[in-house]
Structures are given as C-alpha cells and as structure tokens.
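A.B. asks: I am attaching a structure below and will ask some questions about it afterwards.
The values are calculated or read from the model by the stated rules, or taken from the named source; none is laboratory data. What you see is a predicted model; the values in this text were computed from it and never measured. Every residue, glycine as well, gets a Cβ built from its backbone with ideal geometry; the counts of neighbours run over all protein chains shown. Accessible surface areas use protein heavy atoms only, side chains included; no ligands, DNA or RNA. Shrake-Rupley method; radii C 1.70, N 1.55, O 1.52, S 1.80 Å.
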Amino acid sequence: TPLTNKDIIAAQVEPNTVIEKYWPGATEAMKAKGFAVKTKNFWPVTSIRKAKLMLDWEPEDTFEKWLKEIGWVAKKA
C-alpha cells in the first residue's frame, strides 16, 4: 500500500481525501457502485513486510485491483 502513517491518521477525519490522493476518481467510482469510504476502513492497518521478507509472499489482491474491477480507471499522469 502506498499509505503512510500520516495518511492513516488523516483518514480518521477525511477518508475520501486520502483515497483521492493515491487513486483519483476512486471515491466517485465507489459511490456509483454503492460503496462508501468510512474511517473504520483504515484501521487497523497491517504491514505485510514481514511476510514478504520471511516467506517471499505478496498478496495477489490489492485495493487498486478491486477498484479496477468495479470500473475505476486510473488517470494517466
């Protein structure tokens, strides 16, 4: 995840702002599918760093992958 500790703290007040920082247009795509961004979606956050280091494991599913599945399209820089 690109989210930092500061993002997680900020998401407790303004979760949509944090989502839009990394995935512009995502909150609109989520709203269109009936999903709302909630502060509780950001806590707890668990790092998979140890799993990567010890087991060479990375998750196959990501938030961005899910966003694309619901119709979000990443804006090109």
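A.B. asks: When only residues in segment 36-46 that are open to solvent by less than 90 Å² (accessible area, probe 1.4 Å) and part of a loop (DSSP other than H, G, I, E, B) count, which is nearest to Thr1 (Cα to Cα)?
C.D. replies: Val45
A.B. asks: May I ask you to list pairs of residues, at least six apart or on different chains, whose Cβ atoms are under 6 Å apart, with the first in segment 48-64 being under 24 Å from Trp23 (Cβ atoms) and the second being open to solvent by 100 Å² or more (accessible area, probe 1.4 Å)?
C.D. replies: Short answer, once both residue conditions are applied: Ala51/Trp57; Lys52/Glu58.
A.B. asks: For segment 47-70, how many residues are in a helix (DSSP H, G or I) and exposed (fewer than 12 other Cβ atoms within 10 Å of the Cβ)?
C.D. replies: Count: 7.
A.B. asks: Do you know which of the residues in segment 5-34 that are open to solvent by 90 Å² or more (accessible area, probe 1.4 Å) and either touching a helix residue (DSSP H, G or I) at 6+ places or on another chain (Cβ under 6 Å) or not in a helix (DSSP H, G or I) (or both) is farthest from Ile70 (Cα to Cα)?
C.D. replies: This residue is Val13.
A.B. asks: Restricting attention to segment 35-69, report how many residues are at pLDDT 90 or above, in contact with a helix residue (DSSP H, G or I) (Cβ under 7 Å, 6 or more places away or on another chain) and of a type in the set (D, E, K, R).
C.D. replies: The qualifying residues number 1.
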